[in-house]
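FYI, it's all coordinate maths here, none of it is from the lab. Model, not experiment: these values are computed from the prediction. Positions of Cβ are generated from backbone atoms using ideal geometry, with glycine treated the same way; all protein chains shown enter the neighbour counts.
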Amino acid sequence: MTIEQVNNQIRRCSLCPNDKGMKELGWGALNGIMFIGQYPTSINKTGLQETSNFNQYFLELLKPIGISQSEFYFTNLIKIPISNMKKVPKTVIHHCADHLIDEYLAVNPKIVITLGRYAKKFTKIENIENMTHLRSIRYGHITEEQWREYLKKILKGRDLLTRNQIYGRR
C-alpha cells in the first residue's frame with residue numbers, strides 16, 4: 001500500500017465515536033526517520049502538514065539540529081484530535097493502530113522514534129521494535145535543548161546525522 005492509499009483509508013475511516021471528519025494525516029519524507037507522536041490536539045479541515053500548532057513547533061525544534069522536513073516523516077498514533085490520552089477508548093486506539101501499521105509499512109523508515117508513553121507502548125505491542133531501530137524520547141520534565149541533545153545521540157549512533165548536523169553547523 002502506498003502512503004497515498006493509507007491517507008485515503010484514514011480519511012474514509014468513520015469507526016471512531018468522536019470523529020467529526022477531522023483527521024491529522026502523517027506528513028514528510030519516506031524512507032528516513034519516522035517520528036510517532038501520540039495524538040493531535042487540534043487540526044484544520046485539510047488534515048495536511050502543519051495543521052496543528054505542534055507540527056510547526058516540531059519543525060522549529062528540529063531546525064537547530066539541521067534536520068529538515070525532507071529527512072523525516074511525522075505521524076500520530078491517534079488520528080483524531082483529543083484532549084487527554086487517558087480518556088481515549090481502547091477501540092479508538094485499535095482502529096488508529098491499524099492505520100499506523102499500514103503507514104509504517106508505506107513509509108519504510110530507517111529508524112522509528114516514538115514521542116511519548118502511549119506511542120512507545122504501541123510499538124512494543126505491535127512488535128515494531130523488532131522490525132526497525134526503535135528509540136523513544138520523552139517530553140515531560142526536560143528542556144528543548146536536552147531533547148535535541150538526546151535526539152542527536154540517537155541519530156548519530158545510527159549514522160543518520162551528518163557531521164555538520166552533529167556539531168550544529170550549517
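Using the Cβ-Cβ distance between THR2 and ASP98 with R0 = 22 Å, the FRET efficiency computed as 1/(1 + (r/R0)^6) comes to roughly 0.85. What FRET efficiency would be calculated for the residue pair LYS87, TYR57, taking the C-beta separation as r and a Förster radius of 25 Å, to the nearest 0.05? Computed FRET efficiency for LYS87 and TYR57 comes out at 0.60.
Amide H contacts of ILE111: MET34, each under 5 Å away and 5 or more positions distant or on a separate chain (H built 1.01 Å from N in the peptide plane; Pro and chain starts excluded).
Relative to the current alpha-carbon distance between ALA29 and ARG12, full extension at 0.36 nm per residue lengthens the span by 3.9 nm.
Provide the gained length on full extension for the span LYS110 to GLU144, in nm with one decimal, where the gain is 0.36 nm per separating residue minus the Cα-Cα distance.
Stretched fully, the LYS110-GLU144 segment lengthens by 9.8 nm.
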